[in-house]
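I have placed the structure first, in the form of structure tokens, so that the comments after it can refer back to it.
The values are calculated or read from the model by the stated rules, or taken from the named source; none is laboratory data. Remember, it's a predicted structure, so these values are computed and weren't measured experimentally. Glycine gets a Cβ as well: all are built from the backbone with ideal geometry, and neighbour counts include every protein chain shown. In case anyone asks, the SASA skips ligands and DNA or RNA and just uses the protein heavy atoms, side chains included. Shrake-Rupley method; radii C 1.70, N 1.55, O 1.52, S 1.80 Å.
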Amino acid sequence: MDVTEKKIIAMIEAHREEIIAFAEDIENHPEPGFQEFRTARKTAEFLKKTGYRVDENIALTGVKASWERQDTQEPGGADRKNPGYPNITVIGEMDAIGCHTHPKADPQTGAAHACGHHAQMAVMAGAAIAFSDPEIRKELSGSLTFLAVPAEEYIDADKRAALREKGIRFGSGKSEMIRTGVFDHTDIIMTTHVHMVDVQEDFYLGNPACNGFDAERVTVRGKAAHAAIDPWNGVNALSITTSAIQMMGLMRETFREEDHIRLHNVIRKAGDVVNSVPDEAVVETKIRASSLERIQEVRQMVDRAYDGAAYAFGGTIERENLPGYMPIRPRMADDALIDAAEELGLDYRKVQPGDFNNACTDVGDLTQLFPVINFTFRGFEGRLHGADFRITDKEKAYILSAKLMALTIYRLLRKKGEEAVKIKEGFTPVFDKQTYIEYIEKQM
Ligand SMILES: [Zn+2]
């Protein structure tokens, strides 16, 4: 470890109680997506106290702290063609997940930190503390953004409609932030999470591939009639719905293993009274797969199932498309991350090609536009999103993770940001901001 690395570790050590208290405060006041008002206020207070310039109310509840070198006369990083330094944006997710049975659930909303997002906030806070030291900052070429992001967990259709009235057009925090230009000056993104795949080691370095998804809310329209007197004059919306779902079940045999397709339905409504032929059914359908192409393909199959069933019975289909999250483009562990883990003597494993996470996250959207350096960590027990989830090892979940984050940032931005520039230049995006917005809008 060089002198600066020792200083970074010492800064985090000196503030360990503060970092832990911050994490626990957020854990004890869980808030659902786009409603993280208290979490945002506490985060802003924390970052201001640490000496950052802070912007608030980004995509409703987002908070952004920035630091930039003033002596911008120097050429940007190792690349002299590129004016300006590379920017690293460190993300902490603010939202909790609905889990009424969790002992720390909010009694009103049922939200609980059963996905460990409060630990990510501690990691971000710890790294922010480390880089508040002017001596440490002097060694960096580049700019840093600490971004508390709302609403990682999927928001249901009804709530989305209400959010649109508040100006949130895209369904998740990161997606909305891409749309509104929050990442316009970002070159590299850093994310972290508690382990999402079964990993025995304390740290898992890199970003494994992960499914994306798309959803739709389908309203099936039939015709009401007395269920006993003249059912022949009715068109049964429930029959259309069950037939469509049956067809989807039979279509499953065409799914390829390597596409990781998951297809699920929830019937929200199917008729009003038993004595009447149901004239309206509402179904939410979710399609997960490992590529955007497969998601679109399965979506067309699902649409054919609904249309075919409606045709057979003489009903009609109305659909509301609900764009979901994009798949993660896997990224193996970068040298800066591995070297930082080595320096700290961590027990770690690197992501291997073929590793797969069946969950979905809007980090996937970011990976389509930016290099996203990611690691996950242990220090918890119980099931993700389950009532028994809790952080059991504060050292691993909050402190060691913060150290790993901070040392990686330092390795990326030291020596004129060589490593950061290399990563930036080696990355080919699938979308830029404009084509991303067009893609999502086409789905809506
Ligand atoms: Zn999560």
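So the values come out like this:
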{"item": "³J(HN,Hα), Karplus 6.51/-1.76/1.60, whole Hz, each residue of the stretch 27-41, x for Gly, Pro", "result": "4, 7, 10, x, 9, x, x, 6, 10, 7, 6, 5, 4, 5, 4"}
{"item": "Most to least accessible of 49, 403, 64, 6 (protein chains only, probe 1.4 Å)", "result": "49, 6, 64, 403"}
{"item": "Of all accessible heavy-atom area on the chain, the percent that carbon and sulfur account for (1.4 Å)", "result": "48 percent"}
{"item": "Restraint check, 6/394; 7/415; 6/422, Cα-Cα greater than 19 Å", "result": "6/394; 6/422"}
{"item": "Under-5 Å amide H pairs with residue 269, H placed in peptide plane, nonlocal only", "result": "282"}
{"item": "Accessible area expressed per residue, the chain, with surrounding protein chains retained (probe 1.4 Å, Å²)", "result": "42 Å²"}
{"item": "Average Cα contact separation per residue, the stretch 212-323, under 8 Å, 6 or more apart, as relative contact order %", "result": "44 percent"}
{"item": "Overall form of the stretch 396-436 per C-alpha gyration tensor (a/c, 1.5; a/b vs b/c)", "result": "oblate"}
{"item": "In Hz, Karplus ³J(HN,Hα) per residue of the stretch 248-259 (6.51, -1.76, 1.60; θ = phi - 60°; x = Gly, Pro)", "result": "4, x, 6, 5, 4, 5, 8, 7, 8, 3, 5, 8"}
{"item": "Mean shadow area of the stretch 359-444, taken as a quarter of the surface of its Cα convex hull (nm²)", "result": "8.1 nm²"}
{"item": "Area of residue 285 that stays accessible when all protein chains are in place (1.4 Å probe, Å², to 10)", "result": "0 Å²"}
{"item": "Principal-axis tilt of helix 117-130 within the chain, Cα atoms, nearest 10 degrees", "result": "20 degrees"}
{"item": "Value of relative contact order over the chain, rounded to a whole percent, pairs C-alpha under 8 Å and six or more apart", "result": "22 percent"}
{"item": "Three-way shape call for the chain based on the alpha-carbon gyration tensor, with the a/c threshold at 1.5", "result": "prolate"}
{"item": "Mean Cβ count within 10 Å, highest first, over the residues of peptides 107-115, 348-356", "result": "107-115, 348-356"}
{"item": "Positive minus negative residues near residue 388 (Lys, Arg vs Asp, Glu; Cβ under 14 Å)", "result": "+2"}
{"item": "Accessible heavy-atom area order of 346, 144, highest first, probe of 1.4 Å", "result": "346, 144"}
{"item": "Heavy atoms of residue 156 accessible to a 1.4 Å probe, total area in Å² rounded to 10", "result": "60 Å²"}
{"item": "Net charge of neighbours whose Cβ lies under 12 Å from the Cβ of residue 414, counting Lys and Arg as +1 and Asp and Glu as -1", "result": "-1"}
{"item": "Gyration tensor (alpha-carbon) shape descriptor, the stretch 310-427, a/c threshold 1.5", "result": "oblate"}
{"item": "Computed helical MRE - 222 nm, the chain, DSSP H runs ≥ 4 contributing -39500 (n - 2.57), nearest 500", "result": "-11000 deg cm²/dmol"}
{"item": "With all protein chains modelled, accessible area of residue 273 [1.4 Å, Å²]", "result": "90 Å²"}
{"item": "Spatially proximal lysines relative to residue 286 (Cα-Cα < 27 Å; intrachain offsets below 8 disregarded)", "result": "159, 166, 174, 223, 269, 433, 442"}
{"item": "Kirkwood Rh in Å, taken over the stretch 212-323 so that all alpha-carbon pairs contribute", "result": "14.4 Å"}
{"item": "J(HN,Hα) series, the stretch 44-51, from Karplus relation 6.51 cos²θ - 1.76 cosθ + 1.60, nearest Hz, glycine and proline x", "result": "4, 4, 4, 6, 5, 4, 6, x"}
{"item": "Charge dipole magnitude, Cβ of K and R +1, D and E -1 - the stretch 151-276, Cα centre, debye nearest 20", "result": "840 debye"}
{"item": "Protection-proxy order for peptides 226-233, 196-203, 178-185, each taking the mean of Cβ atoms within 10 Å per residue, highest first", "result": "178-185, 196-203, 226-233"}
